[in-house]
Amino acid sequence: GHSIQATGVLHGRSVVITAGPTREAIDPVRYLSNYSSGKMGFALAAAAVKAGASVTLVAGPCQLATPAHVTRVDVVSALDMQQAVSEHIAHCDIFIGCAAVADFRPVQVAQQKMKKQQDHDHMAIELVKNPDILAWVATQSPTPFTVGFAAETNEVAKYARDKLERKGIQLIVANDVSDATIGFNSDNNAVTVYWPEGEKAFATSTKESLAENLVTLIAEHYKNFKK
Ligand code: CTP
Ligand code: CA
């Protein structure tokens, strides 16, 4: 008989998802990172599998179980994540950039543990911008249907639409991270999805339930996508 997957809205489609934070090494015992838990990206991976897709999840450091039937590729830094994405993007139909990629990394990674200098009360670490993985995917040819996330604390709609246009992507999922009950590290999330001609708001729900609704919306838009 037919499996549930065989009737799914993403049956036969290949999906690559990034999730979690990245860690940017400072020295052998220290790094720069952020509060992303990876829960939203893992929930999307599970929802895409449920919808019939074959799913590769490129995950930064996070303490989460791999959803069933998902191919997981673990990475640490933004450069590692870009490398892993580039190795899996070739036959990908849909790319979802859910990771909280560190925007910058230290210019130099000290090979030995950095020591406090006794006569200095201040110290500075020079940073350099990381590549924008999502924007890079959107420039590939053939380009997959590309979905981004935007974490904002203010002017959510304006900044989300800016990113949609600047990165040349098809959909952007925006959440207001100034509300601590949703978003980063929370089990719940509320988002608004923007595309060039419209938008759709999703009320607060679990990340699992939201992920299923997002996958449904992504599949609807993907159907009409011309590369
Ligand atoms: N992103 C990425 N690579 C980066 C930075 C961000 O792929 N180096 C992706 C994220 O996965 C997300 C989207 O870009 O899908 C937006 O991330 P966000 O941090 O909200 O936007 P930025 O473009 O980094 O801008 P800013 O942090 O200044 O708001
Ligand atoms: Ca950023």
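The values are calculated or read from the model by the stated rules, or taken from the named source; none is laboratory data. Computed from a predicted model, the values in this text were never measured in an experiment. Neighbour counts are summed over all protein chains in view; Cβ atoms, including those assigned to glycine, are modelled from backbone coordinates with ideal geometry. Protein only, heavy atoms only, side chains kept; ligands, DNA and RNA dropped before computing areas. Shrake-Rupley method; radii C 1.70, N 1.55, O 1.52, S 1.80 Å.
In degrees from 0 to 90, rounded to the nearest 10, what is the angle of the helix 156-167 Cα long axis to the longest principal axis of the chain? On a 0 to 90 degree scale, this one is about 90. Averaged over its residues, the chain has an accessible area of 54 Å² per residue, based on protein heavy atoms and a 1.4 Å probe. Region 190-216 and region 59-77 have Cα centres separated by 23 Å. In this structure the amide hydrogen of LEU127, modeled in the peptide plane, comes within under 5 Å of the amide hydrogens of VAL107, none closer than 5 places in sequence on its chain. Largest accessible area first, the residues MET114, MET81 order themselves as MET114, MET81 under a 1.4 Å probe with ligands, DNA and RNA left out.
With the charge dipole of region 83-227 set up from +1 on Lys and Arg Cβ and -1 on Asp and Glu Cβ about the Cα centre, the Cα lying farthest toward the positive end among the listed residues MET114, VAL101, TYR222 is that of MET114.
The charge dipole of region 1-95, taken about its Cα centre with unit charges on the Cβ atoms of Lys, Arg (+1), Asp and Glu (-1) only, comes to about 300 debye.
Dipole check for the chain: with +1 at the C-beta of Lys and Arg, -1 at the C-beta of Asp and Glu, and the Cα centre as origin, the magnitude is about 420 Debye.
For GLN83, project a label point 7 Å along Cα to C-beta. Then give me every residue of region 58-77 with its amide nitrogen under 16 Å of that point. Flagged as within label range: 58-61, 73-77. With the simple spin-label model, which puts each label point 7 Å out from Cα in the Cβ direction, the THR66 to ASP162 separation comes to 3.8 nm.
If you plug the beta carbon distance of VAL107 and ASN185 into 1/(1 + (r/R0)^6) with R0 = 22 Å, you get a FRET efficiency near 0.15.
Here the Karplus curve 6.51 cos²θ - 1.76 cosθ + 1.60, taken at θ = phi - 60°, turns the phi angles of region 59-75 into couplings of 10, x, x, 8, 8, 10, 6, 6, x, 4, 6, 9, 8, 9, 10, 8, 9 Hz, with x standing for Gly and Pro. With the full set of protein chains in place, find how many percent of the accessible area of the chain is carbon and sulfur; take the probe as 1.4 Å. The value for the chain is 50 percent carbon and sulfur by accessible area. A P(r) calculated from all alpha carbon pairs of region 52-176, with 5 Å bins opening at zero, reads 2, 9, 16, 18, 18, 14, 9, 6, 4, 2, 1, 0, 0 percent. Remark on ALA174: its backbone amide H falls under 5 Å from those of ALA150, THR192, VAL193, TYR194, a criterion applied only to residues 5 or more positions apart or on other chains, H modelled at 1.01 Å from N. Spin-label pair MET123-TYR35: with each label point 7 Å from Cα along the Cα-Cβ axis, the two points sit 2.6 nm from one another.
The length gained on full extension between GLU199 and ALA90, counted as 0.36 nm times the residue separation minus their Cα-Cα distance, comes to 36.3 nm. Partners of LYS163 within straight-line reach, counting lysines whose Cα lies under 20 Å from its Cα and excluding those fewer than 8 residues away in the same chain: LYS129, LYS200, LYS227. Between VAL156, VAL15, VAL107, the residue with the greatest mean-square fluctuation in the GNM of the chain (Cα pairs under 10 Å linked by springs) is VAL107. The ellipsoid equivalent to the alpha-carbon distribution of the chain has semi-axes of 32, 19, 17 angstrom, derived from the gyration tensor eigenvalues as √(5λ) and listed largest first.
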